[in-house]
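**Q** There's a structure below that I have some questions on.
The values are calculated or read from the model by the stated rules, or taken from the named source; none is laboratory data. All figures in this text were calculated on a predicted structure; none of them were measured in a lab. Glycine gets a Cβ as well: all are built from the backbone with ideal geometry, and neighbour counts include every protein chain shown. Only protein heavy atoms, including side chains, enter the accessible area calculation; ligands, DNA and RNA are left aside. Shrake-Rupley method; radii C 1.70, N 1.55, O 1.52, S 1.80 Å.
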Amino acid sequence: MNREVDLLVTTSPQIHHPDSTAKIMWTVVICLVPAGIWGVFLFGGKALLVIISSIVSALVTEFIIAKLLKRFTVLDGSAFLTGLLVGYNMPPGVPLYIPAIASIFAIAVVKWTFGGLGANWMNPALAGRVFVFFSWTGSMTNWRVPRFLTTHVDGVTMASPLGFIKAGLYDFTGTSPGPIAFLKAGGYPLSALDQSVTNWINTSVLNPLGASLKGGYVDLFLGIVPGCIGEVSALLLLLGTVYLFIKKIITWEIPVSYLFVFGLLIWIFGGLRFNNGLFTGDVMFNFFTGGLILGVFYMATDMVTSPLTTKGKLIFGAGAGFMTFLIRVYGSFPEGVSLAIIFMNIFVPLINKYTKPVRFGVSPRGGGK
Amino acid sequence: MRRLKTFPKGGVHPPGNKHLTSGKAIINAAIPSISRIPLQQHIGSPAECLINPGENVKEGMLIGRSTGFISAQIHSSIPGVVKEVRDIYLANGFKSKGVVIEMEGEFDTLGKRQEKNNWEKLSAEELLNIIADRGIVGMGGATFPTHVKYKIPKHAKVEAFVVNGTECEPYLTADHRLMLEKTEEIMEGARIVDKILNPEKIYIAIEANKLDAIEVMQKAVSLLNKHAEVVPLEIKYPQGDEKQLLKAIINREVPSGGLPIDIGAVVSNVGTIFAIYEAVVMGKPLIERIVTVTGGAIKNPQNLKVRIGTPIGDLIEECGGFSEMPVKVVAGGPMMGFAIYELEAPVTKGTSGVIALTKKEVKSNNQTPCLNCGRCITVCPMGLNPTLLFKEIDHMDYDSAMEEGLMDCKECGCCAFMCPAHIPLVHGMKLGKYMAKKKKEKG
Ligand code: SF4
Ligand code: SF4
């Protein structure tokens, strides 16, 4: 046997978990793809151009900056993911330079001025979106009518459900049972699909159990509503989420605490704006509108910009849930997910400082003698 | 089956790959024609060399005398002539003075029937002396001199003695085979330790991936005339670490900077117990050990009984050589073992395995910046913040790192195993400890 072998000498451990940075990033990308396909199908080819514009801008920006710093980082998937998320957070009809600018801002300013991957303290995609939102608010709130709605004509726009409610509640003095009823009363359209699926669920599942589902939720869940390209289909986003959980790429803490606090507050106080009492808020409606699912599972959980420990993640999620509630119900923006997450990003260093892991053999909890 | 015990915080599940050798009985490796025996095979000060080049040595003859309080005796593993006394590179990358012996002459014990010593009439003190004299050290890899460990401070009382058959490192099956094949010997060894330590309870800890070993040990446990039980444990790395093991079994935490005896416990590896049996009952010094030779790149993986000082390359040859070119050859387990750079490195008392790993098994990847994912924190069994420690060490801020518990890090490797950014966290910890110590010495 030849004993002159060329061996790699490294410090232990000598084996590694199969995950790597690139693998994680690309897996998230793959989990997002179905929701994007749905968005393009719903809103037409323009939506695809928006996504392409944001991704290409993100990649080119990343490539140039990394090149200047003599690094090569395009393949780690992080810039692609940022570009994809920027695209998903754009209204389908937005002029193509807006996603491009959002991506360039995200990569060049938010990510690289702090040193690139891992060093940024704010989610780049969200920061990019918020930046263009305040610069081009008109274009950024210009929603196309999705396929399946009777009023669907290519290129025609309408209000988003949350925008519609916000506007309608402005000088509202009557009472309404809740957001869905409010939309219906205002003549907001539902798809035929919603009616048939709702009927089917009622007759074959819920009615025998003595319950029933009102029309409108199916549209929200499937994503037959105007909104940003990638945020509308809760169903497909959740499908990707399941895979991320199985692969342990995201952990439960942030989604659970986020949804719990947000849902709880909506349930308690959400009915007040419709001039109903406490504990009448419509939690389901609020979960499936305004990009909450995309924000909770794909952006609040961003590793780089969320806390390290379980406790820290719970605080972060709860804070984001609280802020989303505040902005959505009392603020002047109909949704608020992006701003809430960005707001909480700011507190991550502080949260990390005060949520240290419990050391072995130091805590009195250890049961040592 | 009742719920398996384990430690509550951290830990990882690397692929076990024990099936490669778990069904293979221990076989004797060929006696090496040249044995290179380092004088430092243990934690503590090196043994003092007692012989000169040209002298004849016998099998099992004392060639290095223990020096200082923490040290161990070194014996010749083969009969022969001392060729040289020189520096030898060890698997861990350090050098030690060592004795090179070329085989020659008679084997005194090999193949001969041995009389069993009647140790029952010996006192604890005398038994300890035998253990010290025969050069017994912790065989799980830590190589702490056993007679020092068993010298219990006056004020302390041993409540629990744990025989550690966990073998939580992936690939390794040496302890597993030992439990199956030398069950009674291990029990007798445990009785010897029982006499020395006089613990209230004896536990035999085995991970649940060795059901056959759990069964045979359970049957034999009545040989211990004391309250003794076999504790099956959840399969999780580092289940076999003393601190994690004691947390799992007696639910006490060894205090930071402390020893198991601080919580009334002593832990010894089954390999050590077997060596104690051989030393006390058979009068044999520690000159051989069981080594699992395995890995995806080994043609015919085996559990071998190997003389100390045998070149690692000999063992690989004995197992049919490489089936494909390995990227790494590891001495010890894959989580805490050392990657060697030449196959001439000798087997020492702590070499529990020789693992030739393929590219597919190693899964190395490019290092990227830290993602702040927190996985290293989640898996650290010591409750440390490896990413923070790494950054502090990187900035040469050793004081902060010490405050954050750097010295509690036992280099188990969980953090670096999980890190998606492939940051060499354990390397950082080792460097940090070294630098912090150096800084302290400077004052
Ligand atoms: S090597 Fe040290 S820091 Fe890393 S997991 Fe083990 S004890 Fe924790
Ligand atoms: S596991 Fe690696 S990437 Fe994740 S926080 Fe720790 S050091 Fe950073």
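**Q** What does the structure give for B:357-370 when I average, per residue, the other chain Cβ atoms found within 10 Å of the residue Cβ?
**A** Details: counts 4, 0, 1, 0, 3, 6, 6, 6, 8, 6, 2, 10, 10, 6.
Shielding by partners across B:357-370 averages 5.
**Q** Using mean Cβ contacts within 10 Å as the protection proxy, how do A:34-44, B:207-217 order, highest first? Spell out each step's value before the answer.
**A** Details: A:34-44: 20.8, B:207-217: 19.3.
Highest-to-lowest ranking by the protection proxy: A:34-44, B:207-217.
**Q** Let me confirm one metric for peptide B:10-19, namely the mean number of other chain beta-carbon atoms within 10 Å of its residues' beta-carbons.
**A** Numbers: counts 2, 0, 2, 1, 4, 3, 0, 1, 0, 0.
Shielding by partners across B:10-19 averages 1.
**Q** To the nearest 20 Debye, how big is the dipole of segment B:375-442 about its Cα centre, given +1 on the beta carbon of each Lys and Arg and -1 on that of each Asp and Glu?
**A** Working: 10 positive and 9 negative charges, 53 e Å.
For this selection, approximately 260 debye.
**Q** Specify whether the C-alpha gyration tensor of the protein assembly as shown places it in the rounded, prolate or oblate class, a ≥ b ≥ c being the square roots of the eigenvalues: rounded for a/c under 1.5, otherwise prolate if a/b is larger than b/c and oblate if not. Write down the numbers at each step before the final one.
**A** Numbers: a/c = 2.78, a/b = 2.28, b/c = 1.22.
Prolate, because a/c is 1.5 or more and a/b exceeds b/c.
**Q** If you don't mind, another one. Lys/Arg Cβ at +1, Asp/Glu Cβ at -1, dipole of chain B taken about the Cα centre: which of B:M325, B:M187, B:M382 is farthest positive-ward?
**A** B:M382
**Q** Under the classification rounded if a/c is under 1.5, otherwise prolate if a/b is larger than b/c and oblate if not, where does chain B fall, given a ≥ b ≥ c as square roots of the Cα gyration tensor eigenvalues?
**A** Numbers: a/c = 1.38, a/b = 1.18, b/c = 1.17.
Since a/c stays below 1.5, the shape of chain B is classed as rounded.
**Q** Let me ask another. Where both residues lie in the protein assembly as shown, what percent of DSSP beta bridges are antiparallel, nearest 5?
**A** On the way: 39 of 62 bridges.
Rounded to the nearest five, the antiparallel share is 65 percent.
**Q** To the nearest 10 square angstrom, how much accessible area does B:D133 have with a 1.4 angstrom probe?
**A** 70
**Q** Name the residue from A:P189, A:I249, A:I266 whose Cα lies farthest towards the positive end of the charge dipole of segment A:166-274, charges +1 on Cβ of Lys and Arg and -1 on Cβ of Asp and Glu.
**A** Sorting the options by dipole projection puts first A:I249.
**Q** Once you order the gyration tensor axes a ≥ b ≥ c over the Cα atoms, which shape class does segment B:375-442 get: rounded for a/c under 1.5, otherwise prolate or oblate by comparing a/b with b/c? Kindly include the intermediate steps, with their values, before the conclusion.
**A** On the way: a/c = 2.02, a/b = 1.78, b/c = 1.13.
Prolate.
**Q** Something else: With a 1.4 Å probe and every protein chain kept in, tell me what percent of the accessible surface of chain A is carbon plus sulfur.
**A** It is 70 percent, rounded to a whole number.
**Q** Which entries of B:K182/B:K430; A:K166/A:K214; B:K157/B:K410 have Cα-Cα distances beyond 30 Å here? If you can, show how the numbers build up before the last one.
**A** Working: B:K182/B:K430 36 Å; A:K166/A:K214 21 Å; B:K157/B:K410 25 Å.
From the list (B:K182/B:K430; A:K166/A:K214; B:K157/B:K410), the Cα-Cα distance tops 30 Å for B:K182/B:K430.
**Q** What is the Cα centroid distance between segment B:374-443 and segment B:12-67, reported in whole angstrom?
**A** Each part's Cα centre sits 31 Å from the other's.
**Q** If you don't mind, another one. Checking buried surface per residue: for segment B:292-329, which residues lose a minimum of 40 Å² accessible area in the protein assembly relative to the chain alone (1.4 Å probe)?
**A** B:E317, B:V327, B:K328
**Q** Non-local amide H neighbours of B:L233 (under 5 Å, H modeled in plane, Pro and chain starts lacking H): which ones?
**A** Hits under the 5 Å cutoff: B:I206, B:E207, B:A208.
**Q** If you don't mind, there's one more thing I want to ask. Quick check: residue separation of A:K353 and A:A167 times 0.36 nm, minus the Cα distance between them. What number comes out in nm?
**A** Working: separation 186, 0.36 × 186 = 66.96 nm, distance 4.14 nm.
Extra length available between A:K353 and A:A167 comes to 62.8 nm.
**Q** While we're on this one: How big is the antiparallel share of DSSP beta bridges in segment B:114-281, given as a percent to the nearest 5? Kindly include the intermediate steps, with their values, before the conclusion.
**A** Values: 1 of 18 bridges.
Taking every DSSP beta bridge within segment B:114-281, about 5 percent pair in antiparallel fashion.
**Q** Anything in chain A that counts as a DSSP H helix reaching 20 Å or more along its axis (C-alpha) with Kyte-Doolittle mean of at least -0.5? List them, would you?
**A** Values: long enough: A:21-43 (33 Å, 1.83); A:45-68 (35 Å, 1.82); A:253-269 (24 Å, 1.95); A:310-330 (30 Å, 0.86); A:337-354 (25 Å, 1.59).
TM-like helix candidates: A:21-43, A:45-68, A:253-269, A:310-330, A:337-354.
**Q** Give the distance, in whole Å, between the Cα centre of segment A:114-178 and the Cα centre of segment B:320-338.
**A** 56
**Q** What is the calculated FRET efficiency for A:F114 to B:L259, with r their C-beta to C-beta distance and R₀ = 56 Å, to the nearest 0.05?
**A** Working: r = 44 Å, r/R0 = 0.79.
The value I calculate is 0.80.
**Q** Could you tell me the relative contact order of chain A? Use alpha-carbon pairs under 8 Å, at least six residues apart, and round to a whole percent. Intermediate values should be presented prior to the final figure.
**A** Details: 585 pairs, mean separation 60.0, N = 369.
In percent, rounded to a whole number, it is 16.
**Q** Of A:V33, A:I51, A:G118, which is farthest along the charge dipole of segment A:21-140 in the positive direction, counting Lys and Arg as +1 and Asp and Glu as -1 at C-beta?
**A** Projecting each Cα onto the dipole axis, the largest value belongs to A:G118.
**Q** Would you kindly find the accessible area of A:M158, with a 1.4 Å probe and non-protein molecules such as ligands, DNA and RNA excluded, rounding to the nearest 10 Å²?
**A** 40
**Q** How big is the dipole moment of the protein assembly as shown about its Cα centre under a simple scheme where the beta carbon of each Lys and Arg is +1, that of each Asp and Glu is -1, and everything else is neutral? Debye, nearest 20, please.
**A** The calculated dipole for the protein assembly as shown is roughly 1200 debye.
**Q** What longest region of chain B stays clear of chymotrypsin sites (Phe, Trp or Tyr not before Pro) that DSSP places outside H, G, I, E and B and that have at most 14 other Cβ atoms within 10 Å?
**A** In short, B:108-443.
**Q** Would you give the gap between the C-alpha center of segment A:301-341 and the C-alpha center of segment A:67-105, rounded to a whole Å?
**A** 22
**Q** While we're looking at this one, here's another question. Would you check the accessible area of B:S256, probe 1.4 Å, heavy atoms only, in square angstrom rounded to 10?
**A** 50
**Q** If the only charges are +1 at each Lys and Arg Cβ and -1 at each Asp and Glu Cβ, what is the size of the charge dipole of chain B around the Cα centre, to the nearest 20 debye?
**A** Details: 54 positive and 51 negative charges, 140 e Å.
Using Cβ point charges on Lys, Arg, Asp and Glu, chain B gives about 680 debye.
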